Every structure is written in C-alpha cells, then in structure tokens.
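Here is the structure we will look at.
Read the figures in this text as sums done on the coordinates, not as results from a lab. Since we're looking at a predicted model, the values are computed, not measured. As a convention, Cβ positions derive from the backbone with ideal geometry for all residues, glycine included, and neighbour counts pool all protein chains shown.
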Amino acid sequence: MAKKVKKQKQERKPFHLFKGMLRLVSSEFEKRFNNFNNEHQVFTELGWSVDSNRNGLLIDLSQIRWVELGAAAQLVLLIESAKKQGLKIMIALPLNKLSKGESESLVKSKANSDTEFQKKSEVFEGLRLSRVCKKLFIKYSVSENIGLSAYKNW
C-alpha cells in the first residue's frame with residue numbers, strides 16, 4: 001500500500017522590513033535595509049530575489065515618530081523598484097487612534113484621579129495627532145511619487 005503524502009501548503013510570510021523603526025532617516029533606513037538584506041538576501045545585484053518575489057514585503061512604518069524627506073525619497077525608490085518587479089507590497093502605517101494599551105491606560109487613570117486622566121489624555125492626544133501627521137506625510141509623499149494605483153488598499 002502506497003502512502004498518500006499530503007502536501008502542506010506553506011504559508012509564506014512577507015519579509016518584514018523596518019520593524020520597530022522610530023525615525024525614518026537616511027542613515028537608519030540604509031543600515032536597517034543592509035542588515036536585513038545581509039541576513040535574508042532579499043535583494044541581489046540582479047534585483048529582488050526569487051524569495052522576495054514569492055513572499056512579498058511588509059514595510060513596517062507603524063512606529064515612525066520622525067520622517068526625514070531624504071529617507072522618504074529612498075522609501076519611494078525602494079517601493080517603486082519592488083513594484084516594477086511585481087512584488088506584493090504591504091505597508092503598515094501609524095495608527096489614527098490610540099492603541100489598545102494606551103486606551104486601557106487612559107481608563108485606569110480616570111479611575112485614579114481627574115488630574116491624572118487630564119494629563120494622560122493630553123499626552124495621548126498629542127501622540128495620536130503626531131501619528132496622523134506622520135501617516136499622512138508618508139502616505140502622500142509616496143503616492144505622489146509612485147502613483148495612487150500602486151496603493152489602492154490605502
């Protein structure tokens with residue numbers, strides 16, 4: 001009796017670039033990309049690797065607090081290069097609202113005192129507005145240079 005071997009479809013996870021990056025500046029962008037590339041070989045002298053084409057890229061900008069124009073341009077060129085070669089690109093942008101942990105912290109502070117709640121509320125609102133600004137800057141600086149059709153999921 002021959003055993004039937006079921007081929008398991010392996011879920012391919014996209015390559016997760018720039019995870020945890022707080023400042024989108026040229027030096028950090030280049031350092032992180034080069035270190036990631038040395039470890040995973042996503043880009044070669046011939047272009048994007050076969051694994052990159054197969055898995056796609058997740059560009060994680062969700063923690064960004066500062067954006068430098070030159071680094072935004074580098075990001076545009078990176079995404080444009082990947083799109084031209086047909087890679088699936090996903091981009092994680094900063095939240096428009098408070099995170100679950102921030103919301104929970106705010107609720108706890110309200111139970112403690114109105115003063116603590118007021119202070120935290122102001123800090124968290126500033127953080128939220130800062131995220132919205134970074135998100136809009138990244139979104140529109142990229143989309144203006146590459147074209148909105150590449151980002152229809154935004």
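Per-residue HN-Hα couplings for the range 56-64, Karplus 6.51 cos²θ - 1.76 cosθ + 1.60 at θ = phi - 60°, whole Hz, x for Gly and Pro? Each residue's phi maps through the Karplus curve to give x, 10, 10, 9, 9, 10, 5, 9, 4 Hz.
A Förster distance of 30 Å, applied to the separation of the beta-carbon atoms of S130 and K108, puts the FRET efficiency at 0.85. The HN-Hα couplings worked out from phi for the range 42-48 by the Karplus form 6.51 cos²θ - 1.76 cosθ + 1.60 (θ = phi - 60°) are 7, 9, 10, 5, 8, x, 5 Hz, whole numbers, x standing for Gly and Pro. Taking packing as the residue-averaged number of other Cβ atoms within 10 angstrom, the listed peptides 68-78, 36-46 run from highest to lowest as 68-78, 36-46. Here the range 73-137 was treated as a single set of alpha-carbon atoms; its pair distances binned every 5 Å from 0 give 3, 16, 17, 15, 12, 10, 9, 7, 6, 4, 2, 0 percent. With the simple spin-label model, which puts each label point 7 Å out from Cα in the Cβ direction, the E122 to A92 separation comes to 3.2 nm. Local charge for R128 was computed over the other residues whose Cβ lies under 10 Å away, with Lys and Arg +1 and Asp and Glu -1, and equals 0. With one equal scatterer per alpha carbon and no solvent term, the Debye-computed log10 I(q)/I(0) for the range 1-123 at 0.09, 0.16 1/Å reads -0.42, -0.84. Our coupling estimate for the range 122-138, obtained by passing each phi through the Karplus curve with A = 6.51, B = -1.76, C = 1.60 and θ = phi - 60°, is 5, 5, 5, 5, x, 4, 4, 5, 4, 4, 4, 4, 5, 4, 5, 4, 5 Hz, Gly and Pro reported as x. Taking a Cβ cut-off of under 13 Å around L106, the surrounding Lys, Arg, Asp and Glu residues balance to a net charge of +1, with basic ones at +1 and acidic ones at -1. Where Lys and Arg each count +1 and Asp and Glu each count -1, what net charge lies around L58 among other residues with Cβ under 13 Å from its Cβ? Around L58, the surrounding residues sum to +3. Given a cut-off of 28 Å, name the pairs among K88/K139; K31/K120; K13/K120; K84/K139 whose C-alpha atoms lie farther apart than that in the structure shown. Over 28 Å apart, Cα to Cα: K31/K120; K13/K120.
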